[in-house]
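Just below is one structure, and these are the notes that go with it.
The values are calculated or read from the model by the stated rules, or taken from the named source; none is laboratory data. The model shown is predicted, which means the values in this text are computed figures rather than measured ones. Don't worry about glycine lacking a Cβ; one is built from the backbone with ideal geometry, like all the others, and counts go over all protein chains shown.
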Amino acid sequence: MLKKGTRCTICKSKNLKDKAVVFLPHHRLALCKEHFINWFENRVEKTIKEFKMFSKEDKILVAVSGGKDSLSLWNALIKLGYQADGLYIDLGIGEYSKDSKEISLSFGERIRRKLHIVTLEKEIGTIPQINSSANKPACSACGSVKRYYMNKKAKELGYSTIVTGHNLDDEVAVLFGNTLSWDIDYLKRQYPVLKEENGFIKKVKPLCKTTEKESALYAVFSNIEYIEYECPFSQGASSIRYKEIWSQIEQQSPGSKLRFYLGFLKKVYPLLNQENQDTKAIKQCILCKEPSFNDICGICKLKQKLHKAPAKL
Ligand code: AMP
Ligand code: FES
Ligand code: ZN
Ligand code: ZN
């Protein structure tokens, strides 16, 4: 909690008088609005460099959902001088998609960058349609569909890298879930940089060391409008329960999330990816030519289920 009258740590060191508006317990920092914005952008820049994500010469594509994370990230990247355009996937989830598309479009106009749009209704079917015909939970089908179109469109549009707004809370929740079930195949791929290989474009997560709360504060201080309500299908998702558990752990022991996540990256991830470990072979889907573990990829199978299969092989 920020005590009334606390001065900004940085302003204090420069003999300035600004009052802090944010307290970051795990970094032991109290910051004014201006220094928080600087701190957030520096942290994004350092993460990009630490994990060799991309450079100012690369043409990168930010996957924009209209939420606080992806819009804050896009804004920070532009301010830092990166060549970043946006990609919005219209999932066709009623008001939620309508509002988030409008917000994303007007933000693209504000920063004068191109926002590409993929409309699932035209490509495969909306998430509510998929939900009523597939026997998977909507969120899991939605995750696969989003990953597929991000990869496909970024390649078609000639970008080198796809950038997502996954934050520390997201990564910790996923890591926790994968650890509870010891899902080695997923754990092996949980890294903030996935290199380009076998038809997959390079994918990076520059917010992996900043929290959801920090993105929200950055958005508010930068006057970024974002969609404040969750997707209606997310209710009851296990990741939300894990986030609640982790917020209690973090409150009692600030820095736990970051220690858990960075500990995994440093100590466990390399063990899982030693050269002699088996990895599933990647093929090419015989229908769409995208990477797949089977002859026909999950999305083409889904398309067939929705009666929108390509006419011939
Ligand atoms: P989520 O899976 O909703 O937590 O979102 C994680 C990240 O995926 C976001 O920060 C975005 O970068 C990206 N993303 C989510 N939904 C969309 C969407 N509809 N269109 C484009 N990117 C998205
Ligand atoms: Fe995909 Fe909710 S955003 S199901
Ligand atoms: Zn300050
Ligand atoms: Zn396919």
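Observations, loosely collected:
- Filter pass, TYR242 being of a type in the set (Ser, Thr, Tyr), surrounded by 14 or more Cβ atoms within 10 Å (Cβ to Cβ) and within 19 Å of the chain's Cα centre (by Cα): yes
- Of residues in segment 128-148 being at pLDDT 95 or above and surrounded by 20 or more Cβ atoms within 10 Å (Cβ to Cβ), the one farthest from ligand 1 (Cβ to nearest atom): TYR148
- Every residue from segment 76-96 that is of a type in the set (Gly, Ala, Ser) and closer than 13 Å to VAL118 by Cβ: GLY86, GLY92
- In segment 4-11, the condition of being more than 16 Å from ligand 4 (Cβ to nearest atom), surrounded by 18 or more Cβ atoms within 10 Å (Cβ to Cβ), without any contact (Cβ under 8 Å) to a residue 60 or more places away in the chain and of a type in the set (S, T, N, Q) is met by at least one residue.
The rows are residues; the columns are (1) assigned to a helix (DSSP H, G or I); (2) in contact with a Pro (Cβ under 6 Å, 6 or more places away or on another chain); (3) not charged (D, E, K, R).
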{"residue": "LYS213", "(1), (2), (3)": "yes, no, no"}
{"residue": "ALA219", "(1), (2), (3)": "yes, no, yes"}
{"residue": "ASN223", "(1), (2), (3)": "no, no, yes"}
{"residue": "GLU230", "(1), (2), (3)": "no, no, no"}
{"residue": "PHE233", "(1), (2), (3)": "yes, no, yes"}
{"residue": "TRP246", "(1), (2), (3)": "yes, no, yes"}
{"residue": "GLN251", "(1), (2), (3)": "yes, no, yes"}
{"residue": "PHE264", "(1), (2), (3)": "yes, no, yes"}
{"residue": "ILE286", "(1), (2), (3)": "no, no, yes"}
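- Test for LEU262: is it over 16 Å from LEU24 (Cα atoms), modelled with pLDDT of 95 or more and surrounded by fewer than 17 Cβ atoms within 10 Å (Cβ to Cβ): yes
- Taken as a whole, the structure places SER181 among residues that are at pLDDT 95 or above, surrounded by fewer than 17 Cβ atoms within 10 Å (Cβ to Cβ) and small (Gly, Ala, Ser).
- The selection criterion, being more than 11 Å from ligand 1 (Cβ to nearest atom), of a type in the set (A, V, I, L, M), out of contact with any Asp or Glu (no Cβ under 8 Å at 6 or more places or on another chain) and in contact (Cβ under 8 Å) with a residue 40 or more places away in the chain, does not hold for ALA76.
- Segment 111-140, subset over 19 Å from PHE233 (Cβ atoms) and among the charged types (D, E, K, R), residue farthest from the chain's Cα centre (by Cα): LYS122
- Residues of segment 35-54 classified as part of a helix (DSSP H, G or I) and surrounded by 15 or more Cβ atoms within 10 Å (Cβ to Cβ), total: 11
- From ILE162, ILE201, ILE184, residue being more than 17 Å from the chain's Cα centre (by Cα) and of a type in the set (Val, Ile, Thr): ILE184
- Test for SER65: is it in contact with a Gly (Cβ under 9 Å, 6 or more places away or on another chain) and of a type in the set (Ser, Thr, Tyr): yes
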